[in-house]
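J.: Pasting a structure here, questions to come.
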Amino acid sequence: MTEGFSQAVYRIVSSIPAGRVATYGMVAELAGRPRAARMVGGVLHHNPEPGIIPCHRVVFRDGSVAPGFAFGGPGRQQALLEREGVRFIEGNDRNAGAPGPRVDLNACLWDGRTDATHSQG
DNA sequence: CATCTGACCTCAT
DNA sequence: AATGAGGCCAGAT
């Protein structure tokens, strides 16, 4: 399968189970570019197959998400993830990082091993 | 061909 | 702990 970088990204991102989130750096590494996290975002931006690629399950290393213009609307990703069962941390108190809503990476961070087909029990 | 930008991450202060 | 700057790879001008 001479899969290119993008192909790998699509497969990996699409392999993220529901209720779980992965970081760009993680996907980039699994794709073969541990330093091309930016590329991952660029690839997802193309999103040649909307709906098939759960790009909304990809978040920053801090747990924050895209500025907003992504996914077609601000808070779009946040809503989608909640639908999946992902918990958010709006407690912009001392959790540090970005003031905006973040994902609970402590509970929803994808291990990168669990396959969507098995969906651990 | 050269230059700038970008859905990011990591190092240094 | 928080802030600033650099690097990575590819696409666009």
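The values are calculated or read from the model by the stated rules, or taken from the named source; none is laboratory data. From a predicted model like this one, the values you see are computed outputs, not experimental measurements. Cβ atoms come from the backbone with ideal geometry, glycine included; neighbour counts cover every protein chain shown.
J.: Within the set of pairs 6 or more residues apart or between chains, which connect a residue that is in contact (Cβ under 8 Å) with a residue 12 or more places away in the chain inside region A:25-48 to a residue that is near DNA strand B (Cβ under 8 Å from one of its atoms) and of a type outside the set (A, V, I, L, M) with Cβ atoms less than 7 Å apart?
T.: A:G25/A:R61; A:A28/A:P34; A:A37/A:Y24; A:A37/A:G25; A:V40/A:Y24; A:G41/A:Y24; A:L44/A:C55
J.: Condition first: modelled with pLDDT under 85, of a type in the set (G, A, S) and within 16 Å of DNA strand C (Cβ to nearest atom). Can you find one or more residues in region A:82-95 that meet it?
T.: yes
J.: Could I ask something else about it? Consider A:R102 against the criteria (1) over 11 Å from the mean Cα position of the chain (by Cα); (2) crowded, with 20+ Cβ neighbours inside 10 Å; (3) modelled with pLDDT of 90 or more: it satisfies all of them except one. Which criterion is unmet?
T.: Of the numbered conditions (1) over 11 Å from the mean Cα position of the chain (by Cα); (2) crowded, with 20+ Cβ neighbours inside 10 Å; (3) modelled with pLDDT of 90 or more, the odd one out for A:R102 is (3).
J.: I've got another one for you. With the condition kept exactly as written, say whether any residue in region A:62-72 is outside any loop (DSSP other than H, G, I, E, B) and within 7 Å of DNA strand B (Cβ to nearest atom).
T.: There is at least one residue in region A:62-72 that is outside any loop (DSSP other than H, G, I, E, B) and within 7 Å of DNA strand B (Cβ to nearest atom).
J.: A further question follows. Mind checking which pairs have a first residue in region A:59-80 that is without any contact (Cβ under 8 Å) to a residue 24 or more places away in the chain and a second that is part of a strand (DSSP E or B) and surrounded by fewer than 19 Cβ atoms within 10 Å (Cβ to Cβ), Cβ under 9 Å, 6 or more apart or different chains?
T.: What qualifies is A:Q78/A:F88.
J.: In region A:1-24, which residues are among the small types (G, A, S) and without any contact (Cβ under 8 Å) to a residue 24 or more places away in the chain?
T.: A:G4, the sole residue that qualifies.
J.: For residues in region A:1-37 being among the hydroxyl-bearing types (S, T, Y) and more than 9 Å from DNA strand B (Cβ to nearest atom), which is farthest from A:C55 (Cα to Cα)?
T.: Filtering first and then ranking leaves A:T2.
J.: Quickly run through region A:1-52 and pick out the residues that are in a strand (DSSP E or B) and surrounded by 13 or more Cβ atoms within 10 Å (Cβ to Cβ). So that I can check it myself, show each step before the final result.
T.: Kept after step one, since they are in a strand (DSSP E or B), are these residues of region A:1-52: A:21-23, A:50.
If the condition is that a residue be in a strand (DSSP E or B) and surrounded by 13 or more Cβ atoms within 10 Å (Cβ to Cβ), then A:V21, A:A22, A:T23 are the ones that fit.
J.: Inside region A:44-58, can you point out the residues that are aliphatic (A, V, I, L, M) and either more than 8 Å from DNA strand B (Cβ to nearest atom) or touching a Leu at 6+ places or on another chain (Cβ under 8 Å) (or both)? Let's see the steps before the verdict.
T.: Step one: filter region A:44-58 for residues aliphatic (A, V, I, L, M), giving A:44, A:52-53, A:58.
Those that are aliphatic (A, V, I, L, M) and either more than 8 Å from DNA strand B (Cβ to nearest atom) or touching a Leu at 6+ places or on another chain (Cβ under 8 Å) (or both): A:I52, A:I53, A:V58.
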